[in-house]
Amino acid sequence: MIYDYLIVGAGIGGLSAGLNLATHKKKTLILEKNSIPGGLVSTFKRGRFEFDTALYNLYDYGDDVHVGKFRELLKEFGIELETKIVPFNTRIKVLNPEANFVIRGEIKDFIIELERLKEGSIESLKEFMRITKEVHEAMELLKNHEPIDSSIAPNFIKYFNTDSYTALKSLGMPEETIDRLGFLWPELGSPLNKLSFIDFSLFMYKIIFKKNTILLNNSLNLPLKLAARYQELGGRIYYNSLVTEVTKNGKFYLVKTEDNLEYKAKHIIFDVSKRYVYENIIKNHNPEINRLENARTLSPNGVVVYLGLNRSPEELGLKNYNYYAFHTLNSAENVRYMTNLEHETFSAIVPNIMNASASPKNTTILVLKKMFFTDVFKNLNNQNYEQIKEQIAQNLITSFEETFKIDISEYIEEIAVATPVTFASFTNNVDGSFYGYMAKSYDNPIYRFITYPEEETPGFTFVGASSLFGAHVDNAFYSGYYLTEELLKNKEGK
Ligand SMILES: Cc1cc2nc3c(=O)[nH]c(=O)nc-3n(C[C@H](O)[C@H](O)[C@H](O)COP(=O)(O)OP(=O)(O)OC[C@H]3O[C@@H](n4cnc5c(N)ncnc54)[C@H](O)[C@@H]3O)c2cc1C
């Protein structure tokens, strides 16, 4: 049988591509190397704890009043998730010079706090909020191939290739307020002086206008629901199927798996980065693709320590959902430290604060994360890997205890440590990078969007976190949905 579309990888991007194609009755096959769908969105068990590997904040989902695009699209496919809107509840400690601040409540409370911390910020913050709306609306026009000019979206045009720091500064925002407003930059994978202002605005639009959400069930539930609906619509998915080679064979492509099975398809969709695909699956190197790929920078990778603690959050003194420790408030300076194995910037999350059933009664899950802005793990070898992994995990636990004055060591019942090597071997993300490519000012979603038809190799489409809209679950989903919409329109005159 010749499939219309064969999708490599059942991450969120691959599943959304599959869902859309199966909805349009295309013969679609997904080949996934693991035994479950979801890629980075997964769960694992240790003793009586079930840990989510990645998805602790669901963006652009919203609620009945603030309906996010992600929720809207899932509904179209007949999928609903059990979610909860969560307010900010974040404690931030800056080590050098020492400073502390807490963000609690709604976005308006955050803005009031920013003004309280630095008088004279409010006007620029209001202007920023207005701009996020304009950027969002302009991006929607662009996606629908509608024209944009400076009369409709002057700021979108003005800040098209500007980094976030420069753009916020041009709004007259004080330095400290820029740094505090951008406290989530580690989650976006870029310091503010590199991060595209368009990307930052699109991200903040979701947080400001669609609220932050969490999943109430374990996160594997999301890919399982997507995969089940895809199969109901007639799509096929084969697990334990590592794709090792794709070659052209006349009018179709021949896809080989590790266990020497062969499949034929007219078009291939990859839910893995171009860099991985051209190095591992398509063996004939295309210098033009290498040239474009080299202009992109992989997002940081990191170590995540998942802890199951045998006390309740109250007993432990854990009061916040998120904790951040920054070496300095300035993101560019932080990144310089984060190129070494030893650095002092890290974050923590306590799912139980927002979801009492995140772990059994009188226990707590604590997830510690430390990111690196180069592939520091490349220098490790079989001899020192385990030892260095243990050391980073131990240092991270000690840093958390010392920074936030909360004892956890003696209450650890379960511990699991994931390094860039773990993430790379589970998903094939190059160097275990967390968020695809960095969203730099010259490599923002608009550039990627405008150039993707030229960058695509005929017969191949790339979806997921390394694709059009960047990382996060919502963006990975949009890439699969949007690019298959384009394929259906262009190829088949939908
Ligand atoms: C620690 C961490 C925390 C995060 N937290 C959040 C969060 O709170 N909120 C949020 O929105 N996002 C978060 N993210 C980001 C988010 O998880 C990802 O951006 C998103 O899940 C990526 O989806 P993807 O479609 O690109 O696929 P991936 O998840 O990368 O999956 C790719 C799939 O392809 C399969 N595959 C690879 N190679 C082959 C092959 N050769 N043959 C067959 N199959 C193959 C893999 O097994 C995998 O299933 C986090 C990421 C990390 C690492």
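Annotations for the structure displayed:
- Overall form of region 392-441 per C-alpha gyration tensor (a/c, 1.5; a/b vs b/c): oblate
- Region 300-427: Rg to Rh, with Rh as the Kirkwood radius over Cα pairs: 0.98
- Under Karplus coefficients 6.51, -1.76 and 1.60, residue-wise ³J(HN,Hα) of region 367-378 in Hz, glycine/proline x: 10, 9, 9, 10, 10, 10, 8, 8, 7, 5, 6, 4
- Backbone HN-Hα couplings from phi across region 332-348 [Karplus 6.51/-1.76/1.60, Hz, Gly and Pro as x]: 5, 5, 4, 4, 4, 5, 7, 8, 10, 4, 9, 7, 10, 9, 7, 9, 9
- Flagged links, alpha-carbon separation over 24 Å, of K25/K489; K143/K251; K84/K319; K27/K225; K27/K84: K143/K251; K27/K84
- Annotation: amide H of A471 has no partner in the under-5 Å range at sequence separation 5 or more or interchain, hydrogens built in the peptide plane.
- Region 1-118, relative contact order in percent, only Cα pairs under 8 angstrom and at least six apart counted: 13
- With a cut-off of 14 Å between beta carbons, the residues surrounding E146 carry a summed charge of -2, where Lys and Arg count +1 and Asp and Glu -1.
- Multiplying the residue separation of L292 and I85 by 0.36 nm and subtracting their alpha-carbon distance yields 70.6 nm.
- Binned Cα-Cα distance frequencies in the chain - 10 Å width, integer %: 4, 19, 30, 28, 15, 4, 0
- Compared with the rule-of-thumb size 2.2 N^0.38 Å for a compact globular protein, region 360-434 has a Cα radius of gyration ratio of 1.25.
- Compactness of region 1-96 as Cα Rg over 2.2 N^0.38 Å, two decimals: 1.41
- For I237, nonlocal amide neighbours, meaning residues 5 or more places apart or on other chains whose placed amide H falls under 5 Å from its own, are I30.
- Debye-sum result for region 108-212 in log10 I(q)/I(0), which assumes one identical scatterer on each alpha carbon, at q = 0.14, 0.15 Å⁻¹: -0.52, -0.60
- Unsatisfied cross-links (Cα-Cα over 20 Å) in the set K108/K206; K108/K158; K75/K491: K108/K158; K75/K491
- Applying both filters, DSSP loop and at most 11 other Cβ atoms within 10 Å, to the GluC sites (Glu not before Pro) of region 298-357 gives E342.
- Region 209-258 shape via C-alpha gyration tensor axes, a/c threshold 1.5: prolate
- Coordinate range of the alpha-carbon atoms in region 196-348 per principal axis, descending: 63, 41, 34 Å.
- Restricting the GluC sites (Glu not before Pro) of region 7-90 to loop positions (DSSP other than H, G, I, E, B) with no more than 16 neighbouring Cβ atoms within 10 Å leaves E80, E82.
- Pairs of Cα atoms nearer than 8 Å and 6+ residues apart set the relative contact order; for region 121-178 it is 42 percent.
- Entry note, the chain: the mean residue ellipticity at 222 nm calculated from DSSP H runs of n ≥ 4, each adding -39500 (n - 2.57), is -11500 deg cm²/dmol after division by the residues and rounding to the nearest 500.
- Here the relative contact order of the chain, from alpha carbon pairs under 8 Å that lie six or more residues apart, stands at 24 percent.
- Alpha-carbon centroid distance for the pair region 371-448 / region 207-230, whole angstrom: 24
Each reported figure results from applying straightforward, stated rules to the coordinates on display, with no laboratory input. Keep in mind that this is a model prediction, so the values were computed, not measured. Counting neighbours? That spans all protein chains shown, and the Cβs are built from the backbone with ideal geometry, glycine included.
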